[in-house]
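Q: Mind having a look at this structure? Questions to follow.
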Ligand code: ADP
């Protein structure tokens, strides 16, 4: 399975990305984690991006694309798929990752979009800040990250919707519930991926499910 995870900060990309990776036995490629690892090891790349991360700004497309290209190549060498978390974050990255993946015959089969509203996201991120001390989890930087998401990341969702590979899930529910809906939707998508070309598929929108059953 080859999956892109597109979601605002605080929607649960990391947690749900790990769940998907375990379920489908694919590597979890999380660009934020990979960048923070460079910062922690004080590599030249880490030192060059630290300031961007602290301010909640996007790192340059070239840097993240190089990292992701290497990870997707490694996944291909192992004969595995991937769940890519945190990329693409703008239209340039979306086009570039598509080209890279196409040359490797590793294009994404599903784009999973986690939907949540800003107030809930800020609440979650501030709660996490109290526990984890991530350098970008201050209220000001959180607002900046959300603004960047709305401005440059969210518009790419439409592009995937038109390609028929989008699955949208309501992330305003408990972690367990979101996880179950994701796995159910992806399992439902699995036979379609093999049999129906992207262009002939319909996106799946489960965002009404949470409300239908009462969010918790
Ligand atoms: P969040 O989605 O909660 O902001 P991430 O761990 O996905 O957390 O990303 C943290 C930071 O890493 C981002 O604010 C940005 O600075 C950088 N980053 C991660 N992925 C990308 C990307 N694809 N392009 C540019 N910058 C990125």
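Yes or no, residue by residue, for (1) closer than 19 Å to residue 134 by Cβ; (2) touching a strand residue (DSSP E or B) at 6+ places or on another chain (Cβ under 8 Å); (3) outside any helix (DSSP H, G or I):
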| residue | (1), (2), (3) |
| --- | --- |
| 20 | no, yes, no |
| 32 | yes, yes, no |
| 36 | yes, no, no |
| 64 | yes, no, no |
| 70 | no, no, no |
| 84 | no, yes, yes |
| 87 | yes, yes, yes |
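Q: Exactly one condition in (1) buried (at least 16 other Cβ atoms within 10 Å of the Cβ); (2) within 29 Å of residue 144 (Cα to Cα); (3) touching a helix residue (DSSP H, G or I) at 6+ places or on another chain (Cβ under 8 Å) is not met by residue 124; state its number.
A: Condition not satisfied by residue 124: (3).
Q: Go through (1) part of a helix (DSSP H, G or I); (2) without any contact (Cβ under 8 Å) to a residue 40 or more places away in the chain for residue 137 and report which single condition fails.
A: Going through the list (1) part of a helix (DSSP H, G or I); (2) without any contact (Cβ under 8 Å) to a residue 40 or more places away in the chain, residue 137 breaks only (1).
Q: With respect to residue 84, determine if the residue is surrounded by 18 or more Cβ atoms within 10 Å (Cβ to Cβ) and within 25 Å of residue 139 (Cβ to Cβ). Before the answer, list the steps.
A: Numbers: surrounded by 18 or more Cβ atoms within 10 Å (Cβ to Cβ): yes; within 25 Å of residue 139 (Cβ to Cβ): no.
No.
Q: Only one residue in 58, 45 is touching a helix residue (DSSP H, G or I) at 6+ places or on another chain (Cβ under 8 Å), at pLDDT 95 or above, on the phi < 0 side of the Ramachandran plot and assigned to a helix (DSSP H, G or I). Which one?
A: Details: 58 fails: assigned to a helix (DSSP H, G or I).
One residue alone meets the criteria, 45.
Q: Now, a different point. Restricting attention to segment 1-16, which residues are crowded, with 22+ Cβ neighbours inside 10 Å and over 22 Å from residue 139 (Cβ atoms)?
A: 3, 4, 5, 6, 16 - these are the residues of segment 1-16 that are crowded, with 22+ Cβ neighbours inside 10 Å and over 22 Å from residue 139 (Cβ atoms).
Q: Are there any pairs with C-beta distances below 6 angstrom linking a residue in segment 81-99 that is farther than 18 Å from residue 147 by Cβ to a residue that is at pLDDT below 95 and more than 13 Å from the ligand (Cβ to nearest atom), with the two at least 6 apart or on different chains, and if so which?
A: Within 6 Å, the pairs are 81/1.
The values are calculated or read from the model by the stated rules, or taken from the named source; none is laboratory data. Quick caveat: nothing in here was measured; it's all calculated off a predicted structure. Virtual Cβ from ideal backbone geometry, glycine too; neighbours counted across all protein chains shown.
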